[in-house]
Amino acid sequence: MLQKTVEKILESHNFAWSEWHGCFDIAARRKEMLLLKVLDNVDSFQEQQALNLSTLSGSLDAFASVIGTHTRYEELNDNVIYERFSVPAFTPETLDSILSSETPFLYRARGGMFSDVDPKALHKAREKAGLSQSQLAGAVGVSKKNIYEHERMQKKARSEVVERIEKELGAQITLPFVPASLKSETTVKSEDAFEISVAKELRRIGFEAGFVRQSPFNIIAKEKFLIISEAGSDVRKLRKKLPHLAEFSEVSRKPTLVITEKELDADLPVVERRHLKEMSAKELRKIARK
């Protein structure tokens, strides 16, 4: 099973993880945090999943990606970074490479394969070879402007062009893939009256509160630090989510809160909605830290 393969890779790199089947399937942490959606066919990754995953990634400063083996039309190649709705997608073997070393990777995009060019490495290698920008451009079949731009800023170039440059200069000029958090420009909305009222109270006492779906929790509240919250009026649904929320809280190391309509006995900190009106941000932080 693909997910077990991914978990073995994480274990080999000393990650702790928890499982959840929603916009991500695995939340993992070593020093950095990963949110991984595991799908054999990466084309089955949906836009709404990408929106929620990007929202979580940006809020938690976590690297989000889709791990799979093929699309509808082709097998995924190892050490190639694909993309689905702006979320990186690649094979389990590529994940292992990313976690193991600073190996340069190819990027699959419209028009073919691309590599990330290191401006400093290109400039240094060209000068060491004793070539002007015009001479290098002529030797590899691109314009002087192309070489000039690549020496001024980090840009991607067609992999075949990069190969010709590296062959001409006898040096590697590509950058390794650096996992980074995502940030969605589109916010997740809620039509649930209870969630909306809870978010309103959180904002009133000084938190920036946003919604997320397909996750063990449904509200992310940020002030000086971040609180992840499951806010719900349905006790039965809450009880089913609580073990997953507790596991996620342990892996993410983020203060966690459960906000309910009625009293609820749980291992996680619980606050009834009616008490939010009487609380300050400081008091809420103190409860969430328990």
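The values are calculated or read from the model by the stated rules, or taken from the named source; none is laboratory data. Here the structure is a predicted model, which is why all the values come from computation and not from measurement. Glycine also receives a Cβ, built like all others from the backbone with ideal geometry; neighbour counts cover every protein chain displayed.
Taken over region 155-194, the criterion of being touching a residue at least 60 places away in the same chain (Cβ under 8 Å), over 30 Å from A209 (Cα atoms) and buried (at least 17 other Cβ atoms within 10 Å of the Cβ) is satisfied by T174, L175, F177. Given the structure, is K189 within 27 Å of Q46 (Cα to Cα), among the basic types (K, R) and either assigned to a strand (DSSP E or B) or modelled with pLDDT of 90 or more (or both)? Taking the combined requirement at face value, the residue satisfies it. Does region 140-154 hold any residues that are surrounded by 13 or more Cβ atoms within 10 Å (Cβ to Cβ), under 14 Å from I173 (Cβ atoms) and of a type outside the set (V, I, T), and which are they? The answer is N146, E149, H150, E151. Taken over region 213-231, the criterion of being closer than 17 Å to T260 by Cα, part of a loop (DSSP other than H, G, I, E, B) and among the hydrophobic types (A, V, I, L, M, F, W, C) is satisfied by F217 alone. Of all residues in region 232-263, exactly one satisfies the criterion of being part of a loop (DSSP other than H, G, I, E, B) and among the small types (G, A, S), namely S233. Taken over region 199-212, the residue count meeting the criterion of being touching a residue at least 40 places away in the same chain (Cβ under 8 Å), surrounded by fewer than 17 Cβ atoms within 10 Å (Cβ to Cβ) and assigned to a strand (DSSP E or B) is 0. Here is the figure for region 264-274: residues that are under 19 Å from I228 (Cβ atoms) and part of a helix (DSSP H, G or I) total 1. Close contacts from region 43-72, counting a first residue that is on the phi < 0 side of the Ramachandran plot and a second that is assigned to a helix (DSSP H, G or I) and acidic (D, E), with Cβ to Cβ under 9 Å and a gap of 6+ residues or different chains, come to G68/D43; H70/D43; T71/D43; R72/D43.
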